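Right, one structure below, let's go through it.
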Amino acid sequence: MERSLSMELVRVTEAAALASARWMGKGRKEEADQAATEAMRDVFDTIPMKGTVVIGEGEMDEAPMLYIGERLGNGFGPRVDVAVDPLEGTNIVANGEWNALAVLGVADKGHLLHAPDMYMDKIAVGPEAVGKIDINAPVAENLAAVAKAKNKDVEDVVVAILRRERHKRIIEEVRSAGARIKLMGDGDVAAAINTAFEDTGVDMLLGSGGAPEGVLAAIGLKCLGGEIQGKLLPQNDEELARCKKMGIEDVDRVLYMNDLVTGDDAIFAATGVTDGELLKGVQYKGSKGTTQSLVMRAKSGTVRFIDGKHSLTKKPDLVIR
């Protein structure tokens, strides 16, 4: 992949964030998601790449754009697989809460897991704890391993967990071990990425969430030197058949980083839609809008935070930085 592609992709997430943030707190998540999707799709047409959506808004008959298999880019440049979530946290935006992102990831063609739309059990950590976790180990053992790797007491470890009834047991085990918890309404991609940044105060992600989001998180953590492990959780015969179609006969098989994102190169880009621990959300100031974005490339190890100032009366490719 070309080095310049990283900066081009930020324009895509910026456009999605600027469009969807207009719906913050209005209780209309479908409109927010549609705005993000349309804006993201429009800017993709200007990006110098030959991309194919492998994780997107659904199958071709389920989504009008950014569907799985759709071709993206202007037809020039590298051939890449594309994973997108135009608005990670539709409910977050609808309710005006924290950590909504416009997010995407790309890798060389054939290097991203085509994760089906089902649940995935996940554990994620930042660079210090790589190689120290095991998704099949008891929660207390993983907490102790992360604490040791980060030179902390278990009582100082913070675990991000989605606020779901299915996580009741995990929550009880974390509390019994003495660690602290940050419960989230939505947004486990943001939470997984946060484990790799000390200032966010998050040390580990635990629990189940969407499998497509697991791949997006893996792209980001690959760029940051972190780690995620996952196990698909099919809920019915149809989802089990989809796993087997992917070549996963044993659904108890652990998916490691190199199963989710192969190769040595990937790019991750995200723009804050609402404020979060890592990125500020969109602000509108008259005819201008401001964004904060993160873009990273695995091959170079480069991590960039970008503050953007945008004219809201001009096209996205006329952004003022």
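The values are calculated or read from the model by the stated rules, or taken from the named source; none is laboratory data. In this text the structure is predicted, and so the values were computed from the model without any measurement. FYI the Cβ positions are ideal-geometry reconstructions off the backbone, even for glycines, and counts take in every protein chain you see. Each accessible area value is taken on the protein alone, full model and side chains, heavy atoms only, with ligands, DNA and RNA left out. Shrake-Rupley method; radii C 1.70, N 1.55, O 1.52, S 1.80 Å.
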Of the conditions (1) at pLDDT 95 or above; (2) closer than 25 Å to residue 3 by Cα; (3) exposed (fewer than 15 other Cβ atoms within 10 Å of the Cβ), residue 308 fails just one. Which one is it? (3)
Name the single residue that is least open to solvent (accessible area, probe 1.4 Å) among those in the stretch 1-39 being under 27 Å from residue 107 (Cβ atoms) and basic (Lys, Arg). 11
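Among 266, 298, which is over 30 Å from residue 26 (Cβ atoms), among the aliphatic types (A, V, I, L, M), open to solvent by less than 10 Å² (accessible area, probe 1.4 Å) and in contact (Cβ under 8 Å) with a residue 40 or more places away in the chain?
Numbers: 298 fails: open to solvent by less than 10 Å² (accessible area, probe 1.4 Å).
Of the residues listed, the single one that is over 30 Å from residue 26 (Cβ atoms), among the aliphatic types (A, V, I, L, M), open to solvent by less than 10 Å² (accessible area, probe 1.4 Å) and in contact (Cβ under 8 Å) with a residue 40 or more places away in the chain is 266.
Just to be sure before I move on: is residue 303 open to solvent by 50 Å² or more (accessible area, probe 1.4 Å), of a type outside the set (Asp, Glu) and touching a helix residue (DSSP H, G or I) at 6+ places or on another chain (Cβ under 9 Å) in the structure I sent? Show your work before the answer.
Values: open to solvent by 50 Å² or more (accessible area, probe 1.4 Å): yes; of a type outside the set (Asp, Glu): yes; touching a helix residue (DSSP H, G or I) at 6+ places or on another chain (Cβ under 9 Å): yes.
Answer is yes for this residue.
Got a sec? Which strands (runs of 3 or more DSSP E) wholly within the stretch 1-118 have at least 2 residues that are touching a helix residue (DSSP H, G or I) at 6+ places or on another chain (Cβ under 9 Å) and among the hydroxyl-bearing types (Ser, Thr, Tyr)? First the steps, then the outcome.
Working: elements: 50-55, 79-88, 101-108.
In the stretch 1-118, there are no strands (runs of 3 or more DSSP E) which contain 2 or more residues that are touching a helix residue (DSSP H, G or I) at 6+ places or on another chain (Cβ under 9 Å) and among the hydroxyl-bearing types (Ser, Thr, Tyr).
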Quick check on residue 44: is it aromatic (Phe, Trp, Tyr) and buried (at least 17 other Cβ atoms within 10 Å of the Cβ)? yes
Give the residues of the stretch 47-76 that are open to solvent by less than 60 Å² (accessible area, probe 1.4 Å) and among the aliphatic types (A, V, I, L, M), sorted by residue number. 47, 49, 53, 54, 55, 63, 65, 66, 68, 72
Answer residue from the stretch 278-288, given it is in contact with a helix residue (DSSP H, G or I) (Cβ under 9 Å, 6 or more places away or on another chain) and over 14 Å from residue 22 (Cβ atoms) and is most open to solvent (accessible area, probe 1.4 Å) among those: 278
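I'm trying to understand the selection: among the residues of the stretch 279-298, which are outside any strand (DSSP E or B) and at pLDDT below 95? Give the derivation first.
Within the stretch 279-298, the first condition is being outside any strand (DSSP E or B), and the residues that meet it are 279-282, 286-287, 298.
Listed by number, the residues that qualify are 286, 287.
In this structure, is residue 275 of a type outside the set (S, T, N, Q), surrounded by fewer than 21 Cβ atoms within 10 Å (Cβ to Cβ), modelled with pLDDT of 95 or more and in a loop (DSSP other than H, G, I, E, B)?
Values: of a type outside the set (S, T, N, Q): yes; surrounded by fewer than 21 Cβ atoms within 10 Å (Cβ to Cβ): yes; modelled with pLDDT of 95 or more: yes; in a loop (DSSP other than H, G, I, E, B): yes.
Considered against the rule, which asks whether it is of a type outside the set (S, T, N, Q), surrounded by fewer than 21 Cβ atoms within 10 Å (Cβ to Cβ), modelled with pLDDT of 95 or more and in a loop (DSSP other than H, G, I, E, B), residue 275 comes out as yes.
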Only one of these is over 12 Å from residue 208 (Cα atoms), at pLDDT below 95, of a type in the set (Gly, Ala, Ser) and under 21 Å from the mean Cα position of the chain (by Cα): 190, 115. Name it. 115
Within the group 106, 84, 93, which residue is touching a residue at least 40 places away in the same chain (Cβ under 8 Å), buried (at least 24 other Cβ atoms within 10 Å of the Cβ) and farther than 24 Å from residue 31 by Cα? 106
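Tell me the residue from 242, 253 that is modelled with pLDDT under 95, of a type outside the set (Phe, Trp, Tyr) and assigned to a helix (DSSP H, G or I), please. Steps first, answer last, please.
Details: 253 fails: assigned to a helix (DSSP H, G or I).
Of 242, 253, the one residue that is modelled with pLDDT under 95, of a type outside the set (Phe, Trp, Tyr) and assigned to a helix (DSSP H, G or I) is 242.
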Counting only residues that are over 21 Å from residue 209 (Cβ atoms) and either open to solvent by less than 60 Å² (accessible area, probe 1.4 Å) or touching a Pro at 6+ places or on another chain (Cβ under 7 Å) (or both), how many does the stretch 233-256 have? 2
Pairs with Cβ under 7 Å, 6+ apart, first in the stretch 50-66 and without any contact (Cβ under 8 Å) to a residue 60 or more places away in the chain, second open to solvent by 10 Å² or more (accessible area, probe 1.4 Å) and part of a strand (DSSP E or B): 50/79; 51/71; 52/71
